[in-house]
Amino acid sequence: MASSSSSAVPSHPVVFTTKTPYALPSQKFMIPLDWKRYQLSQLINKALDLPRPIPFDFLVHGEILRTSLLEWRAEKGVGEEDTLEIEYFESVMPPQRISELPHEDWVSSVSCRIPQHFVTSSYDGHLRLFDYSQNPLLDISVHQAPITSVCVVPSPSTETESRILASSSHDLTACLTRIFLGSEGPSASTVTSLHLHTSPLSSISTDVSGSHLLTSSWDGLIGVWDTSIPNDHQVPLDREDDRKKRRKTASANIKRKAPIAVLKSHTARVSKALFAAGEHAKGKAYSCGFDSTVRTWDVESGVCINTINVPERPMLDLAETPDGNTLLGASTDRTVSIFDLRVSSLSSSTGIMMHSATPSCIATSESRKQQVVTGAYDGVARLWDLRSTKSAVTSFRVWDGMKVLAVDWVRDVVGIGGEGGMEVWRIDGGS
């Protein structure tokens, strides 16, 4: 048994495990109880004799260690002789600001889903495309009112030069815009508009196959759409909402499309609707709204199959972890509620992440399955680890006195949009 303690400080038996490439030989250590993360990280580095220091964080009983072992043991009521199994993983390095993409109006939504490119939507009704060198490639006027959301529709083909962007707006419509990234230079054209809602749209999202979309609106409805481009108009031009809000220069080439289904159950505005992740949840969707509920839908039948009530927490955004096990809902009471979908008959949140200002947006990452990024009205973005949510792992101020409205996260790149335009940050490390 390896000893790391002096006679003056009580010790506790510990076995270290890891899923990183930096594994220790299997042995038991006697760790001084006054040690915290820093001393444990030093021990791992010294034991492995690493050529360069690597900071580590530590999981004890599924929670990140943020205190000394003595304080943790007292809080959990763990006995002196019980051997602790502690898992270590690479620490998240302080986030770095990489670039800034100025906009004349607020940025409501961002997407990092096109390799080497960023897509933004703005309150001026425009979609914009930038490359990683901050060069503006496209500036497309799509809507006649603020755009609230944009997503990149996945393509089943291997062709990478053509992409479809789906956007939602306060002008009561959503649109599909095709962009081309060919060698002759980028170009774009709006090919269809989606008509259902009688109040501003709050979000649009796609399924993983790119075959279907969901729209949510202040009218309390959720629209279900396929992504095919119709040959003819499916919605008459003389509908009341079209007469009020149709584009002044509407093109005959922009076909008006009708939904394939409408989901009705919310009793107030719907803030977000998204398709469930994972094969086990195929055919399901989730939504949240100002009626302080999170709802689960069977999309094919159009039936709400479960409602989670979170009293006095009007919801602003909703996200699901890539493994499909957890839902996260941002609400106006300055919390992000955690919903463990593995709990049968789930009827309430299973945890919260406290913020000092209203959280407006949430992003999960395929490469960081235990971590999420939130943005808030105080201009701060926060990185959280779902294994220990008492406080954020780290936070970084994006703007002073301006709200964060949107966030997207792909690999180590985080795109953040809001009242200050768009910024690109990098997050390294973690697991």
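The values are calculated or read from the model by the stated rules, or taken from the named source; none is laboratory data. Please read all numbers here as calculations on a predicted model, not as lab measurements. With ideal geometry, Cβ positions are generated from the backbone for all residues, glycine too; neighbour counts draw on all protein chains shown. For the accessible areas, the whole protein counts, side chains as well, though only heavy atoms, and no ligand, DNA or RNA atoms are used. Shrake-Rupley method; radii C 1.70, N 1.55, O 1.52, S 1.80 Å.
Key figures
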{"read-out": "C-alpha center-to-center spacing [segment 130-169, segment 35-87] in angstrom", "value": "45"}
{"read-out": "Theoretical FRET efficiency, 1/(1+(r/R0)^6), r = Cβ-Cβ of Glu85 and Ile229, R0 56 Å, to 0.05", "value": "0.50"}
{"read-out": "Cut-off under 5 Å, modelled amide H: who pairs with Ile98 long-range", "value": "Val424, Trp425, Arg426"}
{"read-out": "Accessible-area composition of the chain, carbon plus sulfur, in percent [1.4 Å probe]", "value": "48"}
{"read-out": "Pairs of lysine residues in segment 96-426 - Cα separation under 22 Å, sequence separation of 8 or more or cross-chain", "value": "16"}
{"read-out": "Rounded, prolate or oblate (a/c below 1.5 giving rounded, otherwise prolate when a/b exceeds b/c) for the chain by Cα gyration tensor", "value": "prolate"}
{"read-out": "Computed label-point distance, nm, for sites Ile305 and Asp105 using a 7 Å Cα→Cβ extension", "value": "4.0"}
{"read-out": "Estimated inter-spin distance, Met93 and Ser199, nm [label 7 Å along Cα→Cβ]", "value": "4.6"}
{"read-out": "Accessible area expressed per residue, the chain, with surrounding protein chains retained (probe 1.4 Å, Å²)", "value": "45"}
{"read-out": "Sequence of Asp291, Asp323 when ordered by accessible area, the most exposed leading, probe 1.4 angstrom", "value": "Asp323, Asp291"}
{"read-out": "Cα centroid of segment 378-431 to Cα centroid of segment 304-368, whole Å", "value": "17"}
{"read-out": "Most to least accessible of Tyr38, Tyr123 (protein chains only, probe 1.4 Å)", "value": "Tyr38, Tyr123"}
{"read-out": "Backbone N within segment 130-171 under 18 Å of label point (7 Å from Ser183 Cα along the Cβ vector)", "value": "159-162"}
{"read-out": "Residue-averaged [θ]222 nm for the chain, counting only DSSP H segments that reach four residues, each worth -39500 (n - 2.57)", "value": "-1500 deg cm²/dmol"}
{"read-out": "Largest to smallest accessible area among Glu161, Glu184, Glu320 [probe 1.4 Å]", "value": "Glu184, Glu161, Glu320"}
